[in-house]
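One structure is given below, encoded as structure tokens.
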Amino acid sequence: MHKKVRRETWAFYLCISPWLIGFLLFVVGPMIASFYISFTRWNLIEEARWVGMANFERLFLRDAKFWQSLRVTLLFTLLYVPTELVGGLGLALLMNQKIRGIKIVRTIYYLPSVLAGVAYVVVWMWMLNPEGGLVNGALAVFGIQGPRWLTDPDTALYAIWLMSIWGLGRTAIIYLAGLQGVPPALYEAASLDGARAGRLFWNITVPLITPTIFFNLILSIISTFQTFTSAYVSTNGGPLDSTLFYVLYIYQQAFGSFRMGYSSAMAWILFVIILVLTLIVVRSSSRWVYYEGEAT
Amino acid sequence: MNPLYVWLRIKHLGMLSAFCTLLLVVGACTAPVAPVEPAESNTTTDSTENSAGEEADPFAPVEASAEQVVIRVGTGDSGEGLAPHQEIIRRFEEANPDVKVQLEPVSGNDYYARLLTQIAAGDAPDIMNIGDDAVPRFVESDAFIPLQSFIDDSNFDTSVYLSGLLAPGTFDGELYFLPKDYSPLAVYYNERIFDENGVDYPEDGWTWDDFLATAQALTIDDNGDGTPETWGIQLPGPWTTGFEYWVAAAGGQLISDDGSTYLGYMDSEEVISAVEFYQSLYTEFGVAPPPADMSAFGGGNAEFDNGQAAMRIFGRWPQSGMMENPNIDLGVVGVPAGVERANVLFWGGFGIFSGTEHPDEAWRFLQFYAGPDGAEVWKDWALPAVTSIAEESGVMTDSINGVWIKELDHLAPRAYMSTPYWGSSADPALRSALEAAILDPEADVAALMSQAATIAQDELEFSLE
């Protein structure tokens, strides 16, 4: 018996070894390296020079752009995560209808998610172009003078938010899987007891898909904190740093200014922020996430 | 230039993996596919307008026989832009059967990061092509060899070049690079719009006052809705390096000659007056269309290409497209004089890697590549750097191309020449100040520049620590 267990254990590790080796080599290794680098000054060419906490000190005490990038990223997270959670669920509910051609509808809504980030950002830049762009053109039909979107510091972040909504399909697909896992028998039983659509949704659907909501929430927080492509392509952080996302600032410091130590320090700060937020969400989950078969 | 061309040059995996290494620290790396930024390093080459989005195939190592020496050449050009390189290499190998040249193109923004890692590993190409603003950083890192001893040994005549073209490749009085391609600024104008409105074409020697008057005469709001149908001048938005022209023409400079301080320079009266004039073209006089895209280095506007702007101030890069554009009857004139008659140069050059194992063969190729032999080929792609070739090909007397060459007589030093840290200190600060000035007609320019100088100085001192 013991022998068999041990052999299975070995087989298990053997089977996951490609991933494990890749993880150690390309994730853990670079993480350890960047942790060390974050305490140095290093411009790629010259020897890295140990500077202790100097990078962190400057970031927290003297770098206004660091705080601005945190502000932008937090604001965007507060804006986008709820949009993704609620909008994605709405979309999934629509996709879950039993009507003809639903598979085509699902494909259409999911399609933007498979497009390469750059391509769709460029398309959005055309649509949001203040002169002759599709969006302001449509607004003009109703006599509305559209904003200058990406070139106005007051609207640029909202323009990026608007672009990001295109990615809802990805969240919706995960929700859809959750929705389809809800046993139809529960709806039938509740309907027989006289529950209407609203009650079915709030008392059956929502509680039963809380694990999916939980999963999407964590994924959404992590990916929103790492927003990069849309701002890099469309605004490069401007105008007036209004779209200076944290990861974009890391990139600018690393590959614009070749401050590898400084940017590694920023990357580690982001790691800690995301780790803490994720832990808070995970801790809170016992209060609001229900798993089937779990006694309540 | 269609921004699409710039955007769609999707970047290499190399950069991506380097970036992911950083991102991996934050857990799930979603591998963003970043595009090629319209980096100013790219603007030094005419090939930007030719590379229509495709990536060059990875170049297989060349076969070299036992007695042949292989010289590797790194360039940030791509696509069609590689054709002149390949042609020059073909001619060189024909004349020098003992040397094989291997071209290693890396297009886009990751070019410098790639070179830096290769240099750090001692495995960089023997000859590297870099842009003007990267010269101080690379030279300070001892990545390149001074060329003087080669020049002395081989009696290479450096006076073959047009005026001003060796300066960007010179650092601390030593020559490290020979010129590849270059462009000053000039004013493009659409003769048709001038003719239709009975305005005289601009002439060399004009001033900022003439410039403003011309732009005002050609800013035309026919239907009276407050938005002109025709704009006087399309400006390159908060494009910092292009802005250096306005600073120089106002008689100012952004950094002290010794590269130690921005204070008293970026916030000087001359610089403030340059920003105020530039701002007034957008705001007070309203002769320039607002930037359509703050991220693009040229402001992303299309008015001139669409025949809706009478003039445009920019480098030579989009010229060939404009000549074919049916909306434009193209004319080109030198930039107007402010307090000073000034211009700035954008430049790319070749140097020899300090870790090369074959310095003599590398020099032999470099002479060919960047000298008169190479210029024979470059002249079909960009402005030739060698005077005799420029004369023979008729470029000097051409009514359009000749303008660019004549502008070389008015070059002011670029700010990056004084410090390796221009790009990480003053450049972003100046950009923010320009954005603020353009966006807000009420902006207090003196306060903006004083703030920009302080930020730039702080960043500079951090870089020097």
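Can you find, within the range A:146-156, the residue that is nearest to the other protein chains (Cβ to nearest Cβ) among those that are charged (D, E, K, R) and surrounded by fewer than 21 Cβ atoms within 10 Å (Cβ to Cβ)? Applying the filter and picking the extreme gives A:D152.
Taking the range A:129-145 as the range and being more than 10 Å from chain B (Cβ to nearest Cβ) and crowded, with 17+ Cβ neighbours inside 10 Å as the test, the residues that pass are A:V135, A:N136.
Quick one: which helices (runs of 4 or more DSSP H) sit completely within the range A:1-119 and have at least 1 residues that are touching a Pro at 6+ places or on another chain (Cβ under 9 Å) and surrounded by 12 or more Cβ atoms within 10 Å (Cβ to Cβ)? Walk me through how you get there before you give the answer.
Values: elements: A:2-23, A:29-37, A:54-62, A:64-95, A:102-114.
Filter on the range A:1-119 gives A:64-95.
Scanning the range B:296-325 for residues that are without any contact (Cβ under 8 Å) to a residue 60 or more places away in the chain and part of a loop (DSSP other than H, G, I, E, B) returns B:A302, B:D305, B:N306, B:N325. Whether a residue is among the hydrophobic types (A, V, I, L, M, F, W, C), over 19 Å from the mean Cα position of the chain (by Cα) and more than 14 Å from every other protein chain (Cβ to nearest Cβ) was assessed, and B:A382 does not pass this test.
Checking each residue in the range B:430-462 for being in contact with a Ser or Thr (Cβ under 6 Å, 6 or more places away or on another chain) and within 9 Å of chain A (Cβ to nearest Cβ) picks out B:R431, B:E459. Only one of the numbered conditions (1) within 28 Å of B:Y245 (Cβ to Cβ); (2) more than 14 Å from chain A (Cβ to nearest Cβ); (3) under 21 Å from the mean Cα position of the chain (by Cα); (4) surrounded by fewer than 23 Cβ atoms within 10 Å (Cβ to Cβ) is not met by B:E407, and that is (4). Filtering B:A412, B:A382, B:A375, B:A426 for residues that are in contact with a helix residue (DSSP H, G or I) (Cβ under 6 Å, 6 or more places away or on another chain) and assigned by TED's automatic domain parsing to the domain that holds B:M294 leaves a single hit, B:A426. Please determine, by comparing only the residues of the range B:250-269 that are surrounded by 19 or more Cβ atoms within 10 Å (Cβ to Cβ) and either in a helix (DSSP H, G or I) or not hydrophobic (A, V, I, L, M, F, W, C) (or both), which one is nearest to the other protein chains (Cβ to nearest Cβ). Top of the filtered list is B:Y262. Taking the range A:199-263 and the helices (runs of 4 or more DSSP H) fully enclosed by it, the elements with 3 or more residues that are more than 8 Å from chain B (Cβ to nearest Cβ) and within 30 Å of B:G237 (Cβ to Cβ) are at A:246-251. Selection over the range B:200-229 of residues that are touching a residue at least 40 places away in the same chain (Cβ under 8 Å) and outside any strand (DSSP E or B) gives a count of 17.
The residues of the range B:282-295 that are among the hydrophobic types (A, V, I, L, M, F, W, C) and facing chain A (nearest Cβ under 9 Å), listed by number, are B:A292, B:M294. The C-beta contact set for the range A:177-194 (first residue closer than 15 Å to A:L208 by Cα, second residue small (G, A, S), distance under 6 angstrom, 6+ apart or interchain) comprises A:L179/A:A92. Looking only at the range B:270-295, residues that are more than 24 Å from the chain's Cα centre (by Cα), surrounded by fewer than 22 Cβ atoms within 10 Å (Cβ to Cβ) and assigned to a loop (DSSP other than H, G, I, E, B) come to 4 in all.
Among the residues of the range A:167-174, some residue qualifies, meaning at least one is within 21 Å of A:L85 (Cβ to Cβ), within 14 Å of chain B (Cβ to nearest Cβ) and polar (S, T, N, Q).
Residue count for the range B:383-409, restricted to those that are among the charged types (D, E, K, R) and under 26 Å from B:P336 (Cβ atoms): 4. Could we say that B:I352 is touching a residue at least 40 places away in the same chain (Cβ under 8 Å), assigned by TED's automatic domain parsing to the domain that holds B:M396 and crowded, with 20+ Cβ neighbours inside 10 Å here? Against the criterion (touching a residue at least 40 places away in the same chain (Cβ under 8 Å), assigned by TED's automatic domain parsing to the domain that holds B:M396 and crowded, with 20+ Cβ neighbours inside 10 Å), B:I352 qualifies.
Pairs meeting the criteria (first residue in the range A:88-108 and charged (D, E, K, R), second residue surrounded by 10 or more Cβ atoms within 10 Å (Cβ to Cβ) and assigned to a helix (DSSP H, G or I), beta carbons under 8 Å, at least 6 apart or on different chains) are A:R106/A:M95; A:R106/A:I173; A:R106/A:L176. Being among the basic types (K, R), under 29 Å from A:W268 (Cβ atoms) and within 14 Å of chain B (Cβ to nearest Cβ) holds for only one residue in A:R71, A:R62, and it is A:R62.
Checked against the criterion of being touching a Leu at 6+ places or on another chain (Cβ under 9 Å) and facing another protein chain (nearest Cβ under 10 Å), the candidates A:A119, A:A33 yield just one match: A:A119.
Identify the residue in the range A:280-290 that is more than 16 Å from the chain's Cα centre (by Cα) and among the aliphatic types (A, V, I, L, M) and, among all such residues, is surrounded by the most Cβ atoms within 10 Å (Cβ to Cβ). Applying the filter and picking the extreme gives A:V289.
Go through the residues of the range B:327-348 one by one and say whether even a single one is assigned to a loop (DSSP other than H, G, I, E, B), of a type in the set (D, E, K, R), crowded, with 20+ Cβ neighbours inside 10 Å and more than 14 Å from every other protein chain (Cβ to nearest Cβ). No, the conditions are met nowhere in the range B:327-348.
Of the residues in the range B:146-167, at least one is assigned to a strand (DSSP E or B), among the aromatic types (F, W, Y) and either modelled with pLDDT of 95 or more or touching a helix residue (DSSP H, G or I) at 6+ places or on another chain (Cβ under 9 Å) (or both).
Across the range B:95-136, the number of residues qualifying as crowded, with 22+ Cβ neighbours inside 10 Å, among the aliphatic types (A, V, I, L, M) and either outside any helix (DSSP H, G or I) or more than 10 Å from every other protein chain (Cβ to nearest Cβ) (or both) comes to 8. Out of all the residues in the range A:239-250, is one or more among the acidic types (D, E), crowded, with 18+ Cβ neighbours inside 10 Å and in contact (Cβ under 8 Å) with a residue 12 or more places away in the chain? The answer is yes, given that some residue of the range A:239-250 is among the acidic types (D, E), crowded, with 18+ Cβ neighbours inside 10 Å and in contact (Cβ under 8 Å) with a residue 12 or more places away in the chain.
The values are calculated or read from the model by the stated rules, or taken from the named source; none is laboratory data. Since we're looking at a predicted model, the values are computed, not measured. Positions of Cβ are backbone-derived with ideal geometry, glycine not excepted, and every protein chain shown enters the neighbour counts.
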